1. Scan the range 37-52 for residues that are over 19 Å from the mean Cα position of the chain (by Cα) and crowded, with 17+ Cβ neighbours inside 10 Å and jot them down.
2. Enumerate the pairs (first residue in the range 229-250 and in contact (Cβ under 8 Å) with a residue 24 or more places away in the chain and assigned to a loop (DSSP other than H, G, I, E, B); second residue anywhere and of a type in the set (A, V, I, L, M, F, W, C) and open to solvent by 30 Å² or more (accessible area, probe 1.4 Å)) with beta-carbon separation below 8 Å, excluding pairs fewer than 6 apart on the same chain, so at least 6 apart or on different chains.
3. Quick one: how many residues across the range 181-209 are open to solvent by 30 Å² or more (accessible area, probe 1.4 Å) and assigned to a strand (DSSP E or B)?
4. Please go through the range 219-228 and give me each residue that is open to solvent by less than 40 Å² (accessible area, probe 1.4 Å) and assigned to a strand (DSSP E or B), ordered by number.
5. Which residue, of 141, 166, is over 23 Å from residue 110 (Cβ atoms), of a type outside the set (Gly, Ala, Ser) and in contact with a Gly (Cβ under 9 Å, 6 or more places away or on another chain)?
6. Find all pairs meeting these conditions: Cβ atoms under 7 angstrom apart; at least six residues apart or on different chains; first residue within the range 152-174 and in contact (Cβ under 8 Å) with a residue 12 or more places away in the chain and β-branched (Val, Ile, Thr); second residue buried (at least 17 other Cβ atoms within 10 Å of the Cβ) and part of a loop (DSSP other than H, G, I, E, B).
7. Among (1) surrounded by fewer than 23 Cβ atoms within 10 Å (Cβ to Cβ); (2) modelled with pLDDT of 95 or more; (3) more than 23 Å from residue 123 (Cα to Cα), where does residue 212 come up short?
8. Give the number of residues within the range 160-176 that are surrounded by 15 or more Cβ atoms within 10 Å (Cβ to Cβ), outside any helix (DSSP H, G or I) and at pLDDT 90 or above.
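The values are calculated or read from the model by the stated rules, or taken from the named source; none is laboratory data. Since this is a predicted model, take the numbers as computed values, not measurements. Every residue, glycine among them, receives a Cβ derived from its backbone with ideal geometry; neighbour counts consider all protein chains shown. Keep in mind that these areas ignore ligands, DNA and RNA; they rest on the heavy atoms of the full protein, side chains included. Shrake-Rupley method; radii C 1.70, N 1.55, O 1.52, S 1.80 Å.
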Amino acid sequence: MRVTVSKVCNFLGKSSVIAVAALSFGTLSTAALGKTERLGGVYNISYAGFTVGKGSFSLILRENAYSAKVGMEPAGIGTLFSTGKGGAHATGWMKGAKVLPSTYTMASRASNRDFYVNLGQGSGHVRTTQVTPKYKPSKTRVKVTGKHKLNAMDPLSAAIVRAPSRSKVLDPSVCNRKLPIYDGWARFNINMKFKEVREVSGKGYTGPVVVCSARWEPVAGHRPEKKAVQYLAKNANIETWLAPIGNTGVLIPYRVSIPTSTGTLVLEAAELNMPQTSGLRKKTASR
């Protein structure tokens, strides 16, 4: 088994519920005028039951602007297979219910290789792309065109989840959505669906979480004949749990699980530093 931060980042990016994670967060316009909210957390990353990494995030919200950062590094058995580490940073704005990213950068190093992405975004579209390394030429790879970068967003901003209102953070609409994502190499959708509301406790948060199922849908940049692509596209057991941030109407991932052919990749909160939600009762809305 060979585990690298770049592989985990890529897998979390493709699942991007986090977000993925590979690790995913935020929103804005629900914050009081002029008020700055600062949040943080640490996540454990395990594969087939073994700890392979640690993830961290920080999130700053001010009026209708956000700045989110995530980082990953090997931990546990992962230190035996990789000395790599990486991180990502996204900024943007909220307009109504829409998340409008402006910048996204991702950089990691693993197996003596550097991975880098810089996306310039605006009006809900990806405008510019810088990426290293580029995909090797392939006759079977579905080509990414300019059309695929319209109505698309980076993986970290795609993890920003805003409820219809602060009173509906447990509403099925939190899950029932399609996330159109471009990570610099590939364009894909994450189709999410409401499953249930569940109670959790400890690790910096005690209360209800919204459980969503997720399906990865390749659009471009992939090679359809690859077994890994086929397996992930057919995988109906990807799941993410979303925890509300105080009374803001915003949720962040508490847990993400992605079954693979050799084991399950799990990202789960180890410590969250965020305001508790007051007066929120568990209510399972109809599907």
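1. At the first step, the residues of the range 37-52 found to be over 19 Å from the mean Cα position of the chain (by Cα) are 37, 48-51.
Passing the criteria: only 37.
2. 247/280
3. 6
4. Taking the range 219-228 first, the residues open to solvent by less than 40 Å² (accessible area, probe 1.4 Å) are 220-222.
220, the sole residue that qualifies.
5. On the way: 141 fails: over 23 Å from residue 110 (Cβ atoms).
The match here is 166.
6. Filtered contacts from the range 152-174: 160/25; 160/26; 160/27; 169/163; 169/249; 174/163.
7. (1)
8. Qualifying residue count, the range 160-176: 3.
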